[in-house]
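One structure below.
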Amino acid sequence: MRKSTILIMFVLMAAMKAIAQNPVVQTWYTSDPAPMVFGDRIYMYTGHDEDNADFFWMNEWRIYSSSDMVNWTDHGSPLNLESFSWADDRAWAAQTIERNGKFYWYICAHSKISGGMAIGVAVADSPTGPFRDAIGKPLYEDGKWDHIDPTVFIDDDDQAWLFWGNPVVYYAKLNPDMISFASEVKTVKQTIEGFGSPDMKERKKDVKYKDCYTEGPWIMKAPKPAKGYYLLYAAGGVPEHIAYSSAPSPEGPWTYRGEIMPLEDTKSFTNHCGVADFKGHSYFFYHTGKLPGGGGFGRSAAIEEFKYNADGSFPVIHHTDAGVAPIGTLNPYKRTEAETMAWSSGLKSEQNDETGVYISDINNGDYIKVREADFGNMSPKKFTASVASALLGGSIEVRVDSLGGKVIASLKVSRTGGWEKWQTVTVPVTETITGCHDIYFVFKGMKGGKLFTFDWWRFDMLDAPFIQTRIVEDGGTGPYKAIITETEGLGEHTLIFPQDLSAFGADRQLPVLVWGNGACNNSPFEHIKFLSEIASYGYLVVATGYIPMTDEWYRGPMSKSAQQIESIDWVYAQNADPKSPFYQKIDVKNLCVAGMSCGGLQTLFNCEDPRISTLMICNSGLFNQQNAGSAVPNMPMPPKDKLSEIHTPIIYILGGKPDIAYENGMDDFRRITHVPAYAANLPVGHGGTYAQPHGGEFAVVARAWLDWQLKGDAKAAKMFEGKRPALAKRKGWTLEKH
C-alpha cells in the first residue's frame, strides 16, 4: 500500500473518531441504559459490566446526566448490591422514575432469600441519590429466575405500572406509594399476533416464527397521533434485536408492530432499549459492545436521535458511531466537573464521600473532550483546575477543536502528596478564543505510569480576584455590556458590572445597587436578567447570595439582612483599595439599597444606614400585626415604626392589586410622609417582570429611578415628576407620590 493511501486512511480514521459520540461513556462499561427526564437535564441509569468479565458479572448501578445530549456528567454509583440486604449477586437491568418529588429506582438482583432473581426498589429525594432500599425486602420474588429487567410507567390517570421478565412478561399495578402492588401480578399472553410468536412453552421447533419476545421490556404511552401504549423489548432470542408491540391498554391485547433496531454488528449479542423525549427531540437508548475491550459481557450505552413516523409509529433505527448532535452549549466559565465529558480515552472515574466523583488512571497521551464550550465574545484570561498526584505529576494541555489543535493554556501538575490531596492551580490563557469550540484536555507526563487525578476545571474572563463568570442576554441593552461574577473575599454575594472597567475612573464612576432577593433566597437567580440590564447602563450591582451559574432554583439556606450591610462595607473597601480593580471607580456617595419581596423587607430593616442614598422596594412592604402570620418563616419582620428611620427618597415598585404584597406596600407608602415617596404599580402580580427579556418593564422603571436618584439625570426624572409623569403614560402603569 502506498504511503499516501496510508496517510489518507489515518486522517479519515482520526476524523471519524473526532465526531464519534457512541458509546456515550468511555470510562466504564455501561449496560441497559434507562433514560429519565427531570427539569433541565436528562438522566441515564445504567448497569455496570465489570472489566474482563466472562458472564454478566454486575455489582452496581450507575448514573449519568446531560443538558445537551453530548456532554455527560458521571454521578458515580449511588446504588449497589450492598444497598439491598437481601441481594447477593447480579445487579442487572433497572429503571428510575419520579413521582411527587421522590425518585424510585426499580432493580433486579439475585435474592439470597428465595435463591432466584427478584425485583427490588430503592428511593431517593434527588435523581442522583443518595438512594436506599425503600422496603428492606424484595418487591416481588417467587424463587424463579425470570424476574429481571423491570420497566416502570405512570399513565395519564396517575396509575403506575411495572413490567418485567424473561421470557415471560409479568406486570402489575403499583399503589401511589410506588413501593407496593395495587393488583395481583399477571402475565402477558404472548401470541403470534401480539409478539410474532406464542409463549415459549407453546413454540414449535419446526416453525419459523416472525419474531419473539425475549427480555428487556420498555413500557410507554404511544405518541400522538397514535393511541394506546407501546411495549418495546429485546427480541429474536440470541442475538437480539429490538422490536415492539402496541395495545389499547397496558393489559393488552397486544399487536406486533415490527422491528425498531434490526440485528446489526453491534459487537453485543444482547440489546436493551429505552426512549425519552427531551427539549423537543426524541432519543433511542440502547447498548453495544463497541468500546475497546468490550463485547457481549462488556456493553456500553449508546444513543440515536429519531423522529416518529407520521402515524406515531417507530421508524427503523440503525446504530451509529456518530450518535447524536448537541442541543445546547457548555458554559466554560462555570466550575465543570472533570467527569463531565463528550469523549475520553484511557481514563477511569472514582468517587469518595468527600470529593464525589473524579477522574483517575490518567496516563501520558490520555485525553478528555468536551463539546460546544461557548466562550461568548470575550476571551478568557485564565484557566483553573483542581488536581492531585501522589507521584511525579505531569501536565494538562488545553487545546481547541482537535487533539492537535491550538494550545490555549498549559497547566503543570506537581506532586501533592496523594491521589486525593487536591491542589487548585491557575494559569493564564495564552491565546484569544471566542465563540463555541470543542475543548480537549490532553494529559502529558512520564510514560508507563499513572500521572495524576483531576477533579474540576473552569475558565475565567476576568483577572483575579474574580472567579466564576457568566453573561446573560449578551450583557444587556446598555452601552456597557455586563458580566456576572463572584469574587474572592466576598462569599455569598454576586457581582454584576460592566465587562470593561477601563471605561470608568475618577471622571466616570459606577453608582451602586445593593440587592436582596425574593423568598430570602441566597442567590439572585430569579432577578439576574433584571440586574444585568441595570448594570449594562453603568452600575455596580452587588446582589445577596451565591452566583447563579444556571437559572435553576437555589435550594440552600435563606439569606440574611446583614448581607446587604456586608455589600456596602465591601463597596467602600474596594473603592479605597489601590489593589482592587474597582479602585476609585465606585461612586460610593450614590448608593441604592433595594430588594424584591423578602429582599424588600431586608432593605427596610437596613434603611437607617447613613451610607444609603435612596431605597427601592419591589413587590414588598412591611407586614401589619394582623397579617404577619402569612409571612414566610424566618423573614425579617420590622414593625411599621421602622418606616420613620427612612432618611432618603424611596420608591415602591409593585405588581398592582394581583400582587400579594400590594396592600403591605401601599400601606407603607401612605405612612411615609417625611421623605419623598413614590408608588408605581403595574398589574402583573407578585412575580413582576424580572424573568422577561432584559427584566421587562420593571427594569425600565427601576433604571429610570436609579438614573434620577444616583446620576441626577433630568430626563429620567421626568418619568416620575411633572404634571404628567412619563411613567403614567406607559401602558398599564399607575403612579402615586407625595
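The values are calculated or read from the model by the stated rules, or taken from the named source; none is laboratory data. Just so it is clear, the model here is predicted, and its values are computed rather than measured. Positions of Cβ are generated from backbone atoms using ideal geometry, with glycine treated the same way; all protein chains shown enter the neighbour counts. For accessibility, only protein heavy atoms count, side chains too; no ligands or nucleic acids. Shrake-Rupley method; radii C 1.70, N 1.55, O 1.52, S 1.80 Å.
Here are the numbers:
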{"item": "Sparse-neighbour loop sites [chymotrypsin sites (Phe, Trp or Tyr not before Pro); the range 121-182; at most 14 other C-beta within 10 Å; DSSP]", "result": "Trp145"}
{"item": "Cα centroid of the range 94-125 to Cα centroid of the range 133-152, whole Å", "result": "7"}
{"item": "Listed pairs Lys112/Lys137; Lys102/Lys186; Lys334/Lys444 exceeding 21 Å between Cα atoms", "result": "Lys102/Lys186; Lys334/Lys444"}
{"item": "Whole-number percent relative contact order across the range 166-282, with pairs defined as alpha carbons under 8 Å at least 6 apart", "result": "19"}
{"item": "Net lengthening on full extension, Lys723/Ala53 (0.36 nm per residue, minus Cα-Cα)", "result": "232.8 nm"}
{"item": "Sites matching trypsin sites (Lys or Arg not before Pro) across the range 509-560 that sit in DSSP coil, with at most 15 neighbouring C-beta atoms within 10 Å", "result": "Arg555"}
{"item": "The chain: angle of helix 562-576 to the longest principal axis, Cα-based, in degrees nearest 10", "result": "70"}
{"item": "Gyration tensor verdict on the range 627-737 (Cα atoms; rounded if a/c is under 1.5, prolate if a/b is larger than b/c, oblate otherwise)", "result": "oblate"}
{"item": "Carbon and sulfur %, accessible surface of the range 306-414 computed with the full protein complex present, 1.4 Å", "result": "48"}
{"item": "Residue-wise HN-Hα coupling along the range 198-206, computed from phi with Karplus coefficients 6.51, -1.76, 1.60 (Hz; x: Gly, Pro)", "result": "x, 3, 4, 5, 9, 6, 9, 4, 8"}
{"item": "Radius 11 Å from Cβ of Ala562, net charge of other residues (Lys, Arg +1; Asp, Glu -1)", "result": "-2"}
{"item": "Using alpha-carbon coordinates, inclination of helix 696-711 to the longest axis of the chain, degrees", "result": "30"}
{"item": "Reachable lysines from Lys227, criterion Cα separation under 19 angstrom, eight or more residues apart if same chain", "result": "Lys307"}
{"item": "Solvent exposure of the chain as accessible area per residue, Å², 1.4 Å probe", "result": "41"}
{"item": "Apportionment of accessible area to carbon and sulfur, the range 15-137, percent (1.4 Å)", "result": "50"}
{"item": "Cys residues of the chain counted as unpaired, since no other Cys beta-carbon is under 4.7 Å", "result": "Cys108, Cys212, Cys273, Cys436, Cys592, Cys607, Cys618"}
{"item": "Chymotrypsin sites (Phe, Trp or Tyr not before Pro) restricted to the range 207-277 and DSSP loop, no more than 16 other C-beta within 10 Å", "result": "Tyr209, Phe269"}
{"item": "Carbon plus sulfur fraction of accessible area for the range 459-608, probe 1.4 Å, in percent", "result": "50"}
{"item": "Taking the chain and dividing mean pair separation by its residue count, relative contact order in percent (alpha carbons under 8 Å, at least six apart)", "result": "8"}
{"item": "Residue-by-residue Karplus 3J(HN,Hα) for the range 84-92, coefficients 6.51, -1.76, 1.60, Hz, glycine and proline x", "result": "10, 4, 8, 9, 9, 5, 6, 7, 8"}
{"item": "In degrees, nearest ten, helix 3-19 long axis to first principal axis of the chain (Cα)", "result": "60"}
{"item": "Gained length - His281 relative to Ala691, 0.36 nm times residue gap less alpha-carbon distance", "result": "145.1 nm"}
